[in-house]
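Where a number appears in this text, it was derived from the coordinates with a stated rule and is not lab data. No experiment lies behind these values; they were computed from the predicted model shown. Here the Cβ positions follow ideal geometry from the backbone for every residue, glycine too, while neighbour counts run over all protein chains shown.
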Amino acid sequence: MDKGMKAPAPSNDPTAIAAVKQVSWDMGDAMVAGDVQKLDQIHADDWAQIASSGEVDTKEELFRDFKSFHDKLEWFALGPIDVQVFGNVAVAHGSVSESRSRDGKW
């Protein structure tokens, strides 16, 4: 960060926090429905996640699995989500319980 720039102060804007939480629900619903178009709207092109195994998954890999029905989210339940908003960036931390099938097997 440029030395002359200050980091944005955290915001407690309830509208922004609710919007970030809603994206979590929308993403889960789209995954259960296999709605790749909705997932494409939610995920940035450079999106990546680190699985509990330490493996890095990219958007391309996620979509390939969903389009092939290799990986199917059957159901999910979100736990509490803590959201911090800093300017136009938000960080969400929470938990999810889910059931997936791979290649038609639970």
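Put a plus charge on the Cβ of each Lys and Arg, a minus charge on the Cβ of each Asp and Glu, and nothing anywhere else: the dipole of region 64-106 about its Cα centre is then about 220 debye. Of the GluC sites (Glu not before Pro) found in the chain, those that fall in a DSSP loop while having at most 15 other beta-carbon atoms within 10 Å are E55. In the chain, helical runs assigned H by DSSP with n ≥ 4 each contribute -39500 (n - 2.57); averaged across all residues and rounded to the nearest 500, the mean residue ellipticity at 222 nm is -11000 deg cm²/dmol.
Using a 7 Å offset from Cα along Cα-Cβ at D46, what residues in region 63-95 end up with backbone N under 20 Å from the label point? Only 63, 86-92 pass the distance filter.
The Cα trace of the chain gives Rg and Dmax of 16.1, 55 Å, the first to one decimal, the second as a whole number. Looking at region 1-78, the trypsin sites (Lys or Arg not before Pro) that sit in a DSSP loop and have at most 10 other Cβ atoms within 10 Å of their own Cβ are K3, K6.
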